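**Student:** Dropping the structure in here first, questions after.
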Amino acid sequence: MSNNIKNQFKQFVAPTYGRFPLTLDRGKGSYVWDSNDKKYLDLGGGIAVNCLGHSHPEISQALSEQSSRLIHCSNLYHFEGQSQLAENLSKRIGSGRVFFCNSGAESSEVMIKLARRSKQVEGRFEIITAENSFHGRTMAGISATGQAKVKDGFAPLLQGFSHVPFNNLDAIRSAITPATVAVMIEGVQGESGIHPATAGYLLGLRELCDHHDLLLLWDGVQCGHFRTGSFQSFQTILSDQIGEFLPDAVGMAKSLGGGFPIGAVWISEKHSEVLSAGTHGSTFGGNPLACAVGNKILEIIDRDKLEENASELGKFFLRELKKIQSKYPNIINTIRGIGLMIGIEMNKEIKSFDKKVPTSIQWVSALHEVGLLTIPAGDSIVRFLPPLNLTQNEAQDGLDLFEKTIKKLTS
Ligand SMILES: Cc1ncc(COP(=O)(O)O)c(C=O)c1O
């Protein structure tokens, strides 16, 4: 890593992130190169963002064409790309309308504001979320998030959130009060290491929400956009029972723009007038460049059947990872996965590892050495969140590099 860039970061960039000592220079498809021209297979996908890999030529072209036509025009006006993308997203979820923002945390904000405003006259405002959830880093986002570490030092938080164990209907039932207005969950908890909701939980949750007149808010920021093999993960989890379940709002970001910043919230028709003119807004939300990219990505995913690829490759990864686990049962504790959202819980007892640094970080660093990018989660989990257009050969290369690293660290 160049000392110059390292020093510039140290002196001028706010130290909010723990960064690996890698300087990435360029990418193509599923690969990236660092400033020393070392090549890496990217199974991290920019934390579930680069859904079509790096520098997809059709995305570059869509951006370039849109930028020579209209880069920004403000939400004071209509323009074609935004309404097209709204229709394109809605038709994949259900009858409803879309609010555009710029990030996942902003999509959480929208859902929280939507829920509060919908029942304000009744004096209801409390939202139940899950323990170990993650909903973004804004004040509302950290208040909603069920992890103490993200809240530390930011009191007083936004009031009215309670956190209960995930996949546990009784816990939700006992947390409901006369002031409850909504339940907010991720379909697959991502940041805490890939924990999918069960079908029974989702169906029970819908029933509970209907019974108590609560909004069911769905954070699909990480698990959405075909990552699990369907547009939204509830469609994967429920498959043939999908007719019985629909959230009241779905938050999206990350893969929605494949690397171009965009967020969105689909709001069911029933609640679609709650955020009326003047109640919420965003200067850049649904900007022409972001929408051009969003529409192009959906076109490519449909055309190239990447939904199926995510589902098939997800099964391939699980099968092959289990084979590696059977060879190294003391190194891999558990493997969890749904489509291209895979979490591998690694053993913490590696002789050469520093006890003071989380095991997940040390595994991910060791994988960098052999040319593989992955994403750490929690203390000991390595995540694969690769592009949806990854090939089986690339997946196999990644598995070989993963096994090679295990072999190296355990021999
Ligand atoms: C489930 C979920 N919600 C919200 C967010 C926040 O998204 P952003 O970083 O775009 O604000 C994330 C980010 O990791 C996430 O995984």
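The values are calculated or read from the model by the stated rules, or taken from the named source; none is laboratory data. Given the structure is predicted, the values throughout are model-derived calculations rather than measurements. Cβ sites come from the backbone with ideal geometry, for glycine too, and all protein chains shown count toward neighbours.
**Student:** State whether one or more residues within region 103-110 are more than 16 Å from the ligand (Cβ to nearest atom) and either assigned by TED's automatic domain parsing to the domain that holds Gly286 or under 22 Å from the mean Cα position of the chain (by Cα) (or both).
**Tutor:** The first filter runs over region 103-110 and keeps only residues more than 16 Å from the ligand (Cβ to nearest atom), leaving none.
Checking region 103-110: not a single residue is more than 16 Å from the ligand (Cβ to nearest atom) and either assigned by TED's automatic domain parsing to the domain that holds Gly286 or under 22 Å from the mean Cα position of the chain (by Cα) (or both).
**Student:** Looking only at region 168-194, which residues are within 16 Å of the ligand (Cβ to nearest atom) and either assigned to a loop (DSSP other than H, G, I, E, B) or at pLDDT below 95 (or both)?
**Tutor:** Gly187, Gly190, Glu191, Ser192, Gly193, Ile194
Let's see how each residue does on (1) of a type in the set (A, V, I, L, M); (2) within 16 Å of the ligand (Cβ to nearest atom); (3) closer than 28 Å to Phe166 by Cβ; (4) in contact with a helix residue (DSSP H, G or I) (Cβ under 9 Å, 6 or more places away or on another chain):
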{"residue": "Val221", "(1), (2), (3), (4)": "yes, yes, yes, yes"}
{"residue": "Ser233", "(1), (2), (3), (4)": "no, yes, yes, no"}
{"residue": "Asp248", "(1), (2), (3), (4)": "no, no, yes, yes"}
{"residue": "Ser272", "(1), (2), (3), (4)": "no, no, no, no"}
{"residue": "Gly278", "(1), (2), (3), (4)": "no, no, no, no"}
{"residue": "Asp302", "(1), (2), (3), (4)": "no, no, no, no"}
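**Student:** Next question. Take Ala199 and decide whether it is under 24 Å from Ile335 (Cα atoms) and touching a helix residue (DSSP H, G or I) at 6+ places or on another chain (Cβ under 7 Å).
**Tutor:** Against the criterion (under 24 Å from Ile335 (Cα atoms) and touching a helix residue (DSSP H, G or I) at 6+ places or on another chain (Cβ under 7 Å)), Ala199 qualifies.
**Student:** Has region 74-95 got at least one residue that is closer than 26 Å to Lys270 by Cβ, within 16 Å of the ligand (Cβ to nearest atom) and outside the structural domain of Thr16 (by TED's automatic domain parsing)?
**Tutor:** The answer is no; no qualifying residue exists.
**Student:** Here are some residues: Ala310, Ala264. Which one is buried (at least 19 other Cβ atoms within 10 Å of the Cβ) and touching a strand residue (DSSP E or B) at 6+ places or on another chain (Cβ under 9 Å)? I'd like the intermediate steps shown before the answer.
**Tutor:** Numbers: Ala310 fails: touching a strand residue (DSSP E or B) at 6+ places or on another chain (Cβ under 9 Å).
Step by step, each of Ala310, Ala264 is checked, and only Ala264 is buried (at least 19 other Cβ atoms within 10 Å of the Cβ) and touching a strand residue (DSSP E or B) at 6+ places or on another chain (Cβ under 9 Å).
**Student:** I've got another one for you. Spot the failing condition for Lys113; the list is (1) surrounded by 15 or more Cβ atoms within 10 Å (Cβ to Cβ); (2) in a loop (DSSP other than H, G, I, E, B), and only one is missed.
**Tutor:** (2)
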